[in-house]
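Values quoted throughout were computed directly from the atomic coordinates according to the rules given, and no laboratory measurement underlies them. As the structure is a computational prediction, the values presented were derived from the model and not from experiment. Here the Cβ positions follow ideal geometry from the backbone for every residue, glycine too, while neighbour counts run over all protein chains shown.
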Amino acid sequence: MTKTPTAIIGCGPAGSACAVQLKRSGFDPAVYESREAGGTIRAAHFVENYPGFPEGVSGSRLASLICDALENWDVTMVLERVKSLIPVGDLFRVSTANSTGDYRCVIVSTGTRPKTLNGIPIDSNVQKNIIYNVLAVKEAGYARVGILGGGDVAMDNALHLADTSEVHVFHRSIEPGALTLLCERARDAGVTLHETGSLESVKSAGDNMELVFEKGRFVVEALLPSIGREPATEFVAPEILTRRVELREERRLYFIGDVASGPYRQVAIAAGEGLKAAMEVHERWS
């Protein structure tokens with residue numbers, strides 16, 4: 001039985017868990033995803049704190065299993081990037097470049113996007129070698145890669161690249177902010193960690209780039225900034241964002257997973273939020 005028109009925007013761990021639970025409850029949500037299911041978990045080197053995988057699981061493998069679950073439940077996928085989410089009377093309108101749909105209830109699970117190097121002088125001819133996706137860096141096959149940042153994501157990215165590239169991690173503080181376990185693994189994998197202070201500029205150095213820090217200069221072929229992430233909500237109309245608490249209380253609009261979790265970006269948390277949202281939607285709209 002198909003119930004109230006429902007859309008899920010984004011299909012990482014939160015969105016996929018929500019979709020499967022809604023299907024189990026008799027709903028047929030439209031799931032919008034710009035690429036393929038799995039979200040940023042695809043870029044994770046290794047996940048070892050998700051229940052059911054005692055020895056851990058690679059991000060790519062976990063994403064593949066998510067796709068299998070969605071296929072098994074015959075979830076309706078709309079493989080297009082959402083351009084806007086706006087209110088239309090008592091409904092929400094989801095628009096892509098090729099389609100428009102109106103829904104009574106919408107779950108936003110679009111995750112996050114990387115923070116960029118705003119305000120740092122960068123020579124124009126090296127812009128192309130500043131890449132924000134670890135999978136794209138790996139595919140390009142750079143021999144010497146710099147990673148900017150000292151958090152868990154930076155170390156995970158370093159581990160992802162260490163088997164194919166010479167990797168240097170540049171962090172501002174005396175000690176990186178990542179888990180000690182991840183720092184030790186990175187060092188064991190041959191990654192070099194540098195305490196550099198702030199990045200001041202990026203200059204051209206022949207076919208390479210020179211990173212100018214407070215405490216030194218380094219030459220690399222490519223730079224992977226890993227300096228934090230921010231919610232991917234640029235497509236949501238401002239009037240929706242200002243009413244998000246009210247709309248959530250009405251169980252008409254949800255923000256779940258990394259898009260709403262602040263620093264608590266973990267697969268298990270995201271999946272749990274997806275399940276909870278689906279159960280509330282079922283309770284409200286059945």
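Residue count for the stretch 233-286, restricted to those that are part of a helix (DSSP H, G or I), touching a strand residue (DSSP E or B) at 6+ places or on another chain (Cβ under 8 Å) and over 21 Å from residue 26 (Cα atoms): 8.
Just one of (1) exposed (fewer than 15 other Cβ atoms within 10 Å of the Cβ); (2) over 22 Å from residue 275 (Cβ atoms) fails for residue 96. It is (1).
Under 21 Å from residue 260 (Cβ atoms) and in contact with a Cys (Cβ under 9 Å, 6 or more places away or on another chain), is that true of residue 19? Criteria met by residue 19. In the stretch 110-132, the residues that are among the basic types (Lys, Arg) reach residues that are part of a loop (DSSP other than H, G, I, E, B) with C-beta atoms within less than 6 angstrom, at least six apart or across chains, in these pairs: 113/232; 115/227; 115/228.
Matching residues to (1) over 30 Å from residue 89 (Cβ atoms); (2) surrounded by 14 or more Cβ atoms within 10 Å (Cβ to Cβ):
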| residue | (1), (2) |
| --- | --- |
| 205 | yes, yes |
| 212 | yes, yes |
| 220 | yes, yes |
| 229 | yes, yes |
| 240 | no, yes |
| 245 | no, no |
| 261 | yes, yes |
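Just so you know, in the stretch 127-185 the residues that are closer than 19 Å to residue 201 by Cα and part of a loop (DSSP other than H, G, I, E, B) include one that is nearest to the chain's Cα centre (by Cα), and it is 132. Considering the stretch 241-268, and only residues there that are of a type in the set (A, V, I, L, M, F, W, C) and touching a residue at least 12 places away in the same chain (Cβ under 8 Å), the residue that is farthest from residue 47 (Cα to Cα) turns out to be 253.
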